[in-house]
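Everything below concerns the one structure shown next.
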Amino acid sequence: MQFRFVRAVDGLSLSVQPGEVFGLVGPDGAGKTTTIRMLCGVMPPTAGSVEVLGARIPEEIDRIAPDIGYMSQRFSLYGDLTVSENIEFFADLYQVPRKERSERVVTLLRASRLELFTKRRAEHLSGGMKQKLALVCTLIHTPKVLFLDEPTTGVDPVSRREFWQILYGLVGEGMTLLVSTPYMDEADRCQRLALIDKGRLVTCATPRDLRKSMRHCVADLRCSDPQRARNLLARTEGILDVQAFGSRIHATVKDGAGLAEIRRALTLGGIEIGELRAISPSLEDAVIASLSEASVG
């Protein structure tokens, strides 16, 4: 996808299986939103081809429009309408038959825990409740494929968990889900992940295989001066990434350097080491390492 001066998506090739929970992850500006917009027919690609449910996009989008749902980062709810009125509006928009509508609304309200708030205006809902209402409106026509663009950004952890419980219930009924997310705990819920950077596909794998592919050592460190240790390690050759986790530090060490490099750097810097051990890489560690390798390559 080429904009005037920027190539937002560059030679990206993906295939998502029916009933799969497929995730898009990558840094801001990687091309995730543009990819989803092209898949939904909102934005026509400037090159290549897109196919969803056997239809060419955007040429045949009208044929499959009733079978897809799209929830953007800024889903447009009507703040002056109540929860029920918003749902009814989108049900009318999607031409959901009256006979099916009532049962579907009850099911979705129960799943989202919005039954007690049907008369409340959308503008008076909490952030998490707004997102769940947006999801209900997106699902009211029972799409076969659901596209979600960072749907839980800014939502509290409890609401995020409830949001994903709804999604997994839908996947259990046969829905296919493609979701972009900045949260690694959500990425870990996906069956496969596409890691994108600068519009290009870095890798596509299961979260487990992504972790296993990491060749570098991850160290967990407790020391006398975490802030100074972090700054020191960030400037040390052979150390690829340093992150603070409360009073502890996680450092990704280039393959072959091992923990000895960290111990040497901190000892020379006069920092006392309380604990230093190798740990299994998290998904976040693996993603950062993959992005670092891609930028070097």
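Some observations on this one:
- Some residue of the stretch 140-160 being part of a helix (DSSP H, G or I) and under 17 Å from residue 53 (Cα atoms): no
- The sole residue among 69, 128, 48 that is part of a loop (DSSP other than H, G, I, E, B) and assigned by TED's automatic domain parsing to the domain that holds residue 152 is 48.
- Taken as a whole, the structure places residue 153 among residues that are polar (S, T, N, Q) and out of contact with any strand residue (DSSP E or B) (no Cβ under 7 Å at 6 or more places or on another chain).
- Here the condition is being surrounded by fewer than 21 Cβ atoms within 10 Å (Cβ to Cβ), touching a strand residue (DSSP E or B) at 6+ places or on another chain (Cβ under 6 Å), in contact (Cβ under 8 Å) with a residue 12 or more places away in the chain and not acidic (Asp, Glu); of 142, 206, it holds for 206 alone.
- Scanning the stretch 174-185 for residues that are surrounded by fewer than 19 Cβ atoms within 10 Å (Cβ to Cβ), under 16 Å from the mean Cα position of the chain (by Cα), in the same structural domain as residue 97 (by TED's automatic domain parsing) and acidic (Asp, Glu) turns up at least one hit.
- Selection count where residues are in contact with a Phe, Trp or Tyr (Cβ under 9 Å, 6 or more places away or on another chain) and among the charged types (D, E, K, R), scope the stretch 82-103: 1
- Residue check, residue 47 closer than 26 Å to residue 152 by Cα and modelled with pLDDT under 90: no
- Test: residue in the stretch 87-102 that is surrounded by fewer than 19 Cβ atoms within 10 Å (Cβ to Cβ), under 25 Å from the mean Cα position of the chain (by Cα) and in a loop (DSSP other than H, G, I, E, B): no
- For the stretch 14-39, a residue qualifies if it is assigned to a loop (DSSP other than H, G, I, E, B) and either buried (at least 23 other Cβ atoms within 10 Å of the Cβ) or within 15 Å of the chain's Cα centre (by Cα) (or both), and the qualifying residues are 20, 26, 27, 28, 29, 30, 31.
- Tally, over the stretch 258-287, of residues that are in contact (Cβ under 8 Å) with a residue 40 or more places away in the chain, among the aliphatic types (A, V, I, L, M) and farther than 26 Å from residue 195 by Cα: 6
- Here residue 202 fulfils each of the conditions (1) within 29 Å of residue 12 (Cβ to Cβ); (2) at pLDDT below 90 apart from (2).
The values are calculated or read from the model by the stated rules, or taken from the named source; none is laboratory data. Treat the numbers as computed from the prediction; the structure is a model and nothing was measured. Don't worry about glycine lacking a Cβ; one is built from the backbone with ideal geometry, like all the others, and counts go over all protein chains shown.
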